[in-house]
Amino acid sequence: MTPLMLMVVAGAGIALLLFLVLKYKFQPFVALMLVSIIVALVAGVKPADLVATIEGGMGKTLGHIAIIIALGAMIGRIIELSGGAEALAKTLINRFGNKRTPLALTVAGFMVGIPVFFEVGVIILMPLAYGVARAARKPLLIFALPMCAALLAVHAFLPPHPGAVAAASQLGADLGRVLMLGIPIVAVLCMIGYFVAGRMTRKTYPMTDDIRAEVYGPHVTNEDLEAWARNDYSAVREASETRTMGVEERASSLASKLPPAPAPGFGLIIALILLPIVLILMGTLATTMLPATSTLRAVLTVLGAPLVALLIDTLLCAWLLGSRRGWSRTQVSDVIGSALPGVAMVILIAGAGGVFGKVLVDTGIGAVVSEALRNTGLPVLALGFLLTLLLRAVQGSTTVALVTTAGILSPLIATLDLSANHLALLCLAMGGGGLAMSHINDAGYWMFTKLAGLNVADGLRTWTVLVTLLGTLGFVITLLLWPFV
């Protein structure tokens, strides 16, 4: 098949994928698998070799990322159900003080976002934002916008979140270097998000009646919120006491069966969040700074392997947050097991992305696309960012956008001889594309706007603009760092 026909097949395959997901609401895993099979057969893979190609792509991808994603989800689940995430956020609010509560919640979003997925983090932290907004008599968006933007930034950029892990796996990037470069970048983006959100929320946006009543009481109006934003409390009617959170049920049936216990300490939760990060970074540094014959290097290399570091942290979380606080062995097992259903489909989607990438390589499409991308003259960082941004904007899922882009770029990357640091920066630039353009086809957009009480137009003016700005700035930072790493 000619290079032109291979390009047509590749373009038609991606168009079919988007058509199935957007028009017919196919589950992304099913759509990716179906498109991979069709593209493979049309591009010339022999029927007898088809199964081997699919199994090879799935096995290679899942062999690297499935354990990491599953263990990361287990850690987040234990921290969530033990009350650790909520305790961390409350401690930060108390330490930062009333005047800097939005900043405290932004920091909480950054920290909580490392072990837990975006959706879970929103459910954990939004009740705190509700309570603070009611107590401070301020519009909810002041607190919720920077906090949730921080949660999404961590989700898009950093392991052990599935998109970042899958992209690093397909491109051959070291997760330790992704963390080493990514944590300070995301921290900077969270601070920028805090200041930009502060400017955005100087304007008061009307809230939907149901959320306004849940947060402030049935007697508070949008005119009251505008008066609160002006600190004109004389114009505010008295609000009745209401529940902090009624839109989403905060405690699952599993959590209600756990024995009552005091909330975990702030220092313990921070230590458990940081432990796998520190181990992974130490393992990465050991391979570059210690001689190959060093015993210490061998030990740190094992402890710093992402799956080993996360396994150690999972066991410590199970003991320190579970068994030591009165959970039975069965309850600990149930809590750990409850993390898996939520990430099973994510793992399969990442694996299907690996299948699609394998098909592109085995059919020769990858080499043709690689050459076409090279001829555009765009830097590889820009290609990664723009492709991920486009796919994110069109189909909504950060994870699907990252794994699909990684599959498209991997043949090009294989020809460029990039350093380990440059591969890590490329993953982070793609993370910027995965953060941006959260709008009406993204479940995260609807979750935020629903819980923040925003209408569609105001959600686009605030949430979509903020995360797109932060994603673009993340790409710019990687571009600036590129010559110096």
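Taken over segment 312-332, the criterion of being under 30 Å from Arg177 (Cα atoms) and either open to solvent by 80 Å² or more (accessible area, probe 1.4 Å) or not in a helix (DSSP H, G or I) (or both) is satisfied by Leu315, Trp319.
Being modelled with pLDDT of 85 or more, within 21 Å of the chain's Cα centre (by Cα), on the phi < 0 side of the Ramachandran plot and open to solvent by 10 Å² or more (accessible area, probe 1.4 Å) is the requirement here; does His155 meet it? Lay out the reasoning, then the answer.
Working: modelled with pLDDT of 85 or more: yes; within 21 Å of the chain's Cα centre (by Cα): yes; on the phi < 0 side of the Ramachandran plot: yes; open to solvent by 10 Å² or more (accessible area, probe 1.4 Å): yes.
Answer is yes for this residue.
Would you call Val132 at pLDDT 90 or above, more than 29 Å from Leu348 (Cβ to Cβ), among the β-branched types (Val, Ile, Thr) and more than 11 Å from the chain's Cα centre (by Cα)?
Details: at pLDDT 90 or above: no; more than 29 Å from Leu348 (Cβ to Cβ): yes; among the β-branched types (Val, Ile, Thr): yes; more than 11 Å from the chain's Cα centre (by Cα): yes.
Here the answer is no, as Val132 does not meet what is asked.
Checked against (1) in contact (Cβ under 8 Å) with a residue 40 or more places away in the chain; (2) outside any loop (DSSP other than H, G, I, E, B); (3) surrounded by 15 or more Cβ atoms within 10 Å (Cβ to Cβ), Val308 meets all criteria but (1).
Can you pull out the residues in segment 357-386 that are open to solvent by less than 40 Å² (accessible area, probe 1.4 Å) and within 22 Å of the chain's Cα centre (by Cα)?
So in segment 357-386, the residues open to solvent by less than 40 Å² (accessible area, probe 1.4 Å) come out as 357, 359-360, 363-366, 368-370, 372-373, 380-385.
Correct list: Gly357, Leu381, Ala382, Leu383, Gly384, Phe385.
Residues that are open to solvent by less than 10 Å² (accessible area, probe 1.4 Å) and either touching a Cys at 6+ places or on another chain (Cβ under 6 Å) or within 17 Å of Thr287 (Cβ to Cβ) (or both) within segment 160-172 comprise Ala167, Ala168, listed in sequence order.
Residues that are closer than 26 Å to Leu125 by Cβ, open to solvent by less than 40 Å² (accessible area, probe 1.4 Å), touching a Ser or Thr at 6+ places or on another chain (Cβ under 6 Å) and part of a helix (DSSP H, G or I) within segment 251-292 comprise just one, Leu254. Any idea which residue in segment 409-459 is farthest from the chain's Cα centre (by Cα), counting only those that are open to solvent by 20 Å² or more (accessible area, probe 1.4 Å) and of a type in the set (Val, Ile, Thr)? Among residues in segment 409-459 that are open to solvent by 20 Å² or more (accessible area, probe 1.4 Å) and of a type in the set (Val, Ile, Thr), the one farthest from the chain's Cα centre (by Cα) is Thr415. Taken over segment 387-408, residues that are open to solvent by 20 Å² or more (accessible area, probe 1.4 Å) and not in a helix (DSSP H, G or I) amount to 1.
Of all residues in segment 460-473, exactly one satisfies the criterion of being closer than 18 Å to Val188 by Cβ, open to solvent by less than 50 Å² (accessible area, probe 1.4 Å) and of a type in the set (S, T, N, Q), namely Thr468. Can you find a residue in segment 464-471 that is over 28 Å from Val120 (Cα atoms) and modelled with pLDDT of 90 or more? For segment 464-471, residues over 28 Å from Val120 (Cα atoms) and modelled with pLDDT of 90 or more: absent.
Close contacts from segment 342-371, counting a first residue that is acidic (Asp, Glu) and a second that is open to solvent by 20 Å² or more (accessible area, probe 1.4 Å), with Cβ to Cβ under 6 Å and a gap of 6+ residues or different chains, come to none at all. Summed over segment 166-214, residues that are part of a helix (DSSP H, G or I) and of a type in the set (Lys, Arg) total 3.
One residue is enough: does segment 337-347 have a residue meeting the conditions more than 26 Å from the chain's Cα centre (by Cα) and outside any helix (DSSP H, G or I)?
The answer is no, given that none of the residues of segment 337-347 is more than 26 Å from the chain's Cα centre (by Cα) and outside any helix (DSSP H, G or I).
Out of everything in segment 215-241 that is polar (S, T, N, Q) and either at pLDDT below 75 or part of a helix (DSSP H, G or I) (or both), what residue ends up being most open to solvent (accessible area, probe 1.4 Å)? By that ranking, first place goes to Ser234.
Is it the case that Ile142 is farther than 30 Å from Gly384 by Cβ, touching a residue at least 24 places away in the same chain (Cβ under 8 Å) and open to solvent by less than 30 Å² (accessible area, probe 1.4 Å)?
On the way: farther than 30 Å from Gly384 by Cβ: yes; touching a residue at least 24 places away in the same chain (Cβ under 8 Å): yes; open to solvent by less than 30 Å² (accessible area, probe 1.4 Å): no.
Against the criterion (farther than 30 Å from Gly384 by Cβ, touching a residue at least 24 places away in the same chain (Cβ under 8 Å) and open to solvent by less than 30 Å² (accessible area, probe 1.4 Å)), Ile142 does not qualify.
For the residues Gly172, Gly182, Gly193, the requirement of being of a type in the set (Gly, Ala, Ser) and under 24 Å from Ile93 (Cβ atoms) singles out Gly193. With respect to (1) of a type outside the set (A, V, I, L, M); (2) within 26 Å of Pro306 (Cα to Cα); (3) open to solvent by 10 Å² or more (accessible area, probe 1.4 Å), the lone exception for Gly109 is condition (3).
Of the residues making up segment 59-91, those that are open to solvent by 10 Å² or more (accessible area, probe 1.4 Å) and over 25 Å from Leu340 (Cβ atoms) number 2.
So which residues in segment 129-139 are assigned to a helix (DSSP H, G or I) and either open to solvent by less than 10 Å² (accessible area, probe 1.4 Å) or in contact (Cβ under 8 Å) with a residue 40 or more places away in the chain (or both)?
Narrowing segment 129-139 to residues assigned to a helix (DSSP H, G or I): 129-136.
Hits for segment 129-139 are Ala129, Tyr130, Gly131, Ala133, Arg134.
Selection within segment 15-37: residues that are open to solvent by 50 Å² or more (accessible area, probe 1.4 Å) and touching a residue at least 12 places away in the same chain (Cβ under 8 Å). The member of this set that is farthest from the chain's Cα centre (by Cα) is Ile37.
The values are calculated or read from the model by the stated rules, or taken from the named source; none is laboratory data. Computed from a prediction, not measured in an experiment: that's the story for all the values here. Ideal geometry is used to build each Cβ from the backbone, glycine not excepted, and the neighbour counts take in all protein chains shown. Note: areas computed on protein heavy atoms with side chains; ligands, DNA, RNA excluded. Shrake-Rupley method; radii C 1.70, N 1.55, O 1.52, S 1.80 Å.
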